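Some notes on the structure that comes next.
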Amino acid sequence: MKRAITVAALLAAACAHVELKPPATVEFELLGRIAARYAKDAFTGNLQWRHAGAGDEMLVTTPMGQGVARIVREGDAVQLTTADGREFRAPDAESLTERTLGFRLPLEGLADWVQGRATPGVPARSQRASDGKLLSLDQRGWHVDYQAYGDERPSLMRLTYQDVELRLAITAWK
């Protein structure tokens, strides 16, 4: 009996909810706007993103500033919390955002793409301007069009994947 209680306690502890933490130190932080079109649905909103190699925290809000989702990645675990407090988890952001928001958000490759570069070690095809800046990039099944640059970093991007179209307008880097 005592052993059964111990096993039950260990199983309960293993299944306990562990809150993922946003990165303490960041490689970059950006602010911007996001527009998503997928199938017959569309969404526009604001984006605040803190990125570090081991983690991310992304806040998506409506144009009026109301929370839509908070996405936190810590290592290989991703958690999405909706405005009403519901929490969802998955091993990658693309499947998680597709399941909960209705469209794929390529968080893993996006950290490099917003900086105007391909993800190292992952096959890619790209087109560059005469000044060396990316004009387009195909990687991880996504096609990225770089539509404008500001201060040497992309400021306007269009990303497509099957029937998903994302537009990012980056307004500030920190």
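Structure remark: mean-square fluctuation, Gaussian network model of the chain, C-alpha springs under 10 Å; the largest value among Arg86, Arg33, Arg153 belongs to Arg86.
Using C-alpha pairs below 8 Å separated by at least 6 residues, the relative contact order for region 62-160 is 13 percent. Other residues with beta-carbon under 11 Å from the beta-carbon of Arg158 carry, at +1 per Lys or Arg and -1 per Asp or Glu, a net charge of 0.
Where is the GNM fluctuation largest for the chain (alpha-carbon springs, 10 angstrom cutoff): Val122, Val60, Val114? Between Val122, Val60, Val114, it is Val122 that shows the largest mean-square fluctuation.
Mean projected area of the convex hull spanned by the Cα atoms of region 99-174, taken over all viewing directions: 5.7 nm². Reducing region 30-45 and region 52-66 to their Cα centroids gives an inter-centroid distance of 13 Å.
Taken over region 33-174, the percentage of Cα pairs per 10 Å bin, counting from 0 up to the bin with the maximum distance, is 11, 42, 38, 8, 0. Normalising the average separation of contacting C-alpha pairs (under 8 angstrom, six or more residues apart) by the number of residues puts the relative contact order of the chain at 18 percent.
Every number here is computed from the coordinates shown, using simple stated rules; none is lab data. Predicted, not measured: the structure shown is a model, and the values here were computed from it. Cβ: placed from backbone, ideal geometry, glycine included. Neighbour counts: every protein chain shown.
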